[in-house]
2 protein chains.
Amino acid sequence: MRILILGGDGYLGWPTSMHFSRRGHEVHALDDYLRRRAHAEAGTTSLTPILPSLPARTKAWREVTGLEIGVTEGDLLEWEVVERVFQEFQPEAIVHYGEMPSAPYSMIDREHATFTQTNNVIGTLNVLFAMAELAPDAHLVKLGTMGEYGTPNIDIEEGFITIDHNGRSDTLPFPKMPGSVYHLSKVHDSHNIHFACRIWGLRSTDLNQGVVYGIETDETKLDPRLATRFDYDEVFGTALNRFCLQAVIGHPLTVYGKGGQTRGYLNIVDTLRCVELAVLNPAEAGEYRVFNQFTEQFSILDLARQVHEAGTAYGLPVEVRHLENPRVESEEHYYNPAHTKLLDLGLEPHLLSETLIESMFVAIERHSDRVILDHIMPSTRWRPPARERTRR
Amino acid sequence: MRILILGGDGYLGWPTSMHFSRRGHEVHALDDYLRRRAHAEAGTTSLTPILPSLPARTKAWREVTGLEIGVTEGDLLEWEVVERVFQEFQPEAIVHYGEMPSAPYSMIDREHATFTQTNNVIGTLNVLFAMAELAPDAHLVKLGTMGEYGTPNIDIEEGFITIDHNGRSDTLPFPKMPGSVYHLSKVHDSHNIHFACRIWGLRSTDLNQGVVYGIETDETKLDPRLATRFDYDEVFGTALNRFCLQAVIGHPLTVYGKGGQTRGYLNIVDTLRCVELAVLNPAEAGEYRVFNQFTEQFSILDLARQVHEAGTAYGLPVEVRHLENPRVESEEHYYNPAHTKLLDLGLEPHLLSETLIESMFVAIERHSDRVILDHIMPSTRWRPPARERTRR
């Protein structure tokens, strides 16, 4: 199958590109290095050393495996780029990771907030128009986030919920209460994509993904040059990855507030498999379907305790520290999201274990001399400072 | 009260500015003439002759009433403009009409679609940041649209719905199924504003307005120079206004498809009163509330029949014509939205009547020599043409 990977240089985009390439698909990766630039601006970088560009990565891939991955270095905001890649590659499936993926980044200030929404919403609109005009039968596999739902006091369904109300019934989009400007951008995307399916007859699967952890996949392990990025800083680092790194370098585990914040999690190898299952089992024409893509749920404090336990067994002195929460969020809440649709398609989860955490310790130790300590503690605040109070 | 009117040059924005000014409030109107430019590009214009700029209009207002309305000619996409008007005027209430308001405009092509979402979503984000930083106690009265809900098969509530599910219950945002890229932009706004209230503690009232009809208010009637614009073209003209004009000039009434499309409607004088009620009864700090702002619901065919009847009584030969529907929408559907919250605040509706329609005929006849016939029939299609089918 001809598969276009948008955001093919990213933490998940690069391993996904290799995963499909190795399984015999024709893969084309597009990226404009937004994440690399954001890191450069902040003075942070990936723990793992990664090759400097997509062409360098695909060259290494060719040398290791003899397989080709096509490359476009370009921005989804530029219509000419999107139009050209759709015309030339004629994708049958589009896997769309091509967005600014960080909640803290989107909350830094007004500029970062408006950039995040413009970049994500308009980039995705361009993709939808390219599909409508140039690939109306292609299947969009879009990476959403479980964070779109927020933490409602009822069970979360997969995208839609049947509501009985005043003696009538309808199945409607599950209500959304996202917790950051970034998460809002994904909610906007969901509505736009749903519209493109309803009104234009496109087909799409929206993968509302949990927090991904892990550092290696079958393909990254083939050669050090094929490594994917691994972020641990306050902007791009996510909970379990950051905790494992903190354990290795002797930094306290940074639990925000009480740590009762519960989310869905999954191993990076399960992300690749979920995306593959979605691509191989496409939505119908006109269908917009949503899969909740995670395998287990944990509270932040659960995770910190598991890393503490695995670290202690591994011989690391691990301390768990509760920080004042920089975010505005519930620290204790009900959380019970459905996640059966990918299991029904054949997903066999790799669950979190002490062995997995230890293997992350090993992989992190290999590069622990590269850690930049300055950007581990959270500095971004969810509430913008009110200026006029001092001026009046 | 100091009231900032965003989009103060528009069909509703200008009468709202005069309405508040005449009632003793300090009013500042902002506009960058987006609608005037869109008309100029399309070769269309307002039926009513309107003065060429906000300064010209406020000068006439001063001459007629002795009252001042402040003016900023500027774009909400430019942060410096938004920041300056918030710093200098220090609004206590912000009435936000300042968006591209047309569904057909947003569906013309990719450029118009992405412009509409960028303009509306990012402009409103700028307003929210200006509030958070410079006016955290001010009250945002935002014009949304009933079109955000679409036409679900259950009763539509005012913004939120209590859902009982698997033995638990929560009150969550009412699910949205909008029918155009423009309506989607309003859904995105709603999520962003809700977030700003939940997370930043701002206060807002989102007025999900029905289709407004009418040509005169108490203030426009004071002097011909105070007229508001009246659109009848396929892009900016809305159902009843367009039908009344068609009846006057002997053009068939353009019913799209079967005409069973049912929507909420209200008189322009009720819009002004609803906005006033929202401003005078502000939301609490941290509260995001939604009022469904309409007074009656009609199907398109109901409206055409009422105009036919009133026209016949008035001596006009009226023909009702069913056109192939250029939109993708249900032409027969359940529709029962709640609309009690504004009534509870004291709204006394001006319902549609033969007398009202006749008064619109009279007002339209005064300017019927200005009608441009070319742009009455719909040309915008809801489905973009697929290009590759001919190219492959």
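The values are calculated or read from the model by the stated rules, or taken from the named source; none is laboratory data. Note that this is a predicted model, so its numbers are computed, not measured. All Cβ positions, glycine included, derive from the backbone under ideal geometry; neighbour counts span all protein chains shown.
Give the residue, chosen from B:201, B:179, that is surrounded by fewer than 22 Cβ atoms within 10 Å (Cβ to Cβ) and within 9 Å of chain A (Cβ to nearest Cβ).
B:201
Give the residues of the stretch B:297-334 that are within 18 Å of residue B:212 (Cα to Cα), crowded, with 18+ Cβ neighbours inside 10 Å and in contact (Cβ under 8 Å) with a residue 60 or more places away in the chain, sorted by residue number.
Within the stretch B:297-334, B:300, B:303, B:304, B:307 meet the criteria.
List the strands (runs of 3 or more DSSP E) that sit entirely inside the stretch B:285-357 and contain at least 2 residues that are within 14 Å of chain A (Cβ to nearest Cβ).
Those strands (runs of 3 or more DSSP E) span B:288-293.
Take the stretch B:24-45 and flag every residue that is of a type in the set (Ser, Thr, Tyr) and either crowded, with 18+ Cβ neighbours inside 10 Å or farther than 21 Å from residue B:102 by Cβ (or both).
Listed by number, the residues that qualify are B:44, B:45.
Kindly indicate the residue of the stretch B:101-116 that is under 16 Å from the mean Cα position of the chain (by Cα) and of a type outside the set (Gly, Ala, Ser) and also farthest from the other protein chains (Cβ to nearest Cβ) among those meeting that condition.
B:101
Hey, can you tell me all the residues within the stretch A:133-155 that are at the interface with chain B (Cβ under 7 Å from one of its Cβ atoms) and closer than 24 Å to residue B:175 by Cβ?
Of everything in the stretch A:133-155, those that are at the interface with chain B (Cβ under 7 Å from one of its Cβ atoms) and closer than 24 Å to residue B:175 by Cβ turn out to be A:152, A:153, A:154, A:155.
What are the residues in the stretch B:156-168 that are surrounded by fewer than 19 Cβ atoms within 10 Å (Cβ to Cβ), outside any loop (DSSP other than H, G, I, E, B) and more than 7 Å from every other protein chain (Cβ to nearest Cβ), if any?
Within the stretch B:156-168, B:160, B:162, B:164 meet the criteria.
Take the conditions at positive phi and within 8 Å of chain B (Cβ to nearest Cβ) and apply them to residue A:90. Does it pass?
yes
Does residue B:344 qualify as being under 25 Å from residue B:174 (Cα atoms) and without any contact (Cβ under 8 Å) to a residue 40 or more places away in the chain?
Yes, satisfied.
Output the number of the condition that residue B:353 fails; it satisfies all remaining conditions of (1) small (Gly, Ala, Ser); (2) in contact (Cβ under 8 Å) with a residue 40 or more places away in the chain; (3) more than 23 Å from residue B:236 (Cβ to Cβ).
All conditions pass for residue B:353, except number (2).
Residue under question is residue A:269, and the condition is that it be surrounded by fewer than 23 Cβ atoms within 10 Å (Cβ to Cβ), among the hydrophobic types (A, V, I, L, M, F, W, C), more than 14 Å from chain B (Cβ to nearest Cβ) and closer than 28 Å to residue B:192 by Cα; does it hold?
It is false that residue A:269 is surrounded by fewer than 23 Cβ atoms within 10 Å (Cβ to Cβ), among the hydrophobic types (A, V, I, L, M, F, W, C), more than 14 Å from chain B (Cβ to nearest Cβ) and closer than 28 Å to residue B:192 by Cα.
Looking for whichever is under 25 Å from residue A:298 (Cβ atoms), over 16 Å from the mean Cα position of the chain (by Cα) and modelled with pLDDT of 95 or more here; the options are A:160, A:174. Which one fits?
Selected residue: A:174, the only one of A:160, A:174 that is under 25 Å from residue A:298 (Cβ atoms), over 16 Å from the mean Cα position of the chain (by Cα) and modelled with pLDDT of 95 or more.
Quick one: which of B:194, B:188 is facing chain A (nearest Cβ under 8 Å), in contact (Cβ under 8 Å) with a residue 12 or more places away in the chain and over 24 Å from residue A:197 (Cβ atoms)?
Just a single option satisfies the conditions, and that option is B:194.
Buried (at least 24 other Cβ atoms within 10 Å of the Cβ), under 30 Å from residue B:261 (Cα atoms) and away from every other protein chain (no Cβ under 14 Å): is that true of residue B:206 in this structure?
yes
Might you let me know whether the stretch B:276-286 holds any residue that is out of contact with any strand residue (DSSP E or B) (no Cβ under 8 Å at 6 or more places or on another chain), crowded, with 21+ Cβ neighbours inside 10 Å and within 30 Å of residue B:132 (Cβ to Cβ)?
yes
Which condition breaks for residue B:81 when tested against (1) closer than 30 Å to residue B:381 by Cα; (2) of a type in the set (A, V, I, L, M); (3) within 14 Å of chain A (Cβ to nearest Cβ); (4) in contact with a helix residue (DSSP H, G or I) (Cβ under 9 Å, 6 or more places away or on another chain)?
So residue B:81 meets the others, but not (1).
Here is a check on your reading of the model: is residue B:292 within 27 Å of residue B:108 (Cβ to Cβ) and either without any contact (Cβ under 8 Å) to a residue 40 or more places away in the chain or touching a strand residue (DSSP E or B) at 6+ places or on another chain (Cβ under 7 Å) (or both)?
No: the conditions fail for residue B:292.
Spot the failing condition for residue A:363; the list is (1) within 12 Å of chain B (Cβ to nearest Cβ); (2) surrounded by 14 or more Cβ atoms within 10 Å (Cβ to Cβ), and only one is missed.
Unmet for residue A:363, out of (1) within 12 Å of chain B (Cβ to nearest Cβ); (2) surrounded by 14 or more Cβ atoms within 10 Å (Cβ to Cβ): (1).
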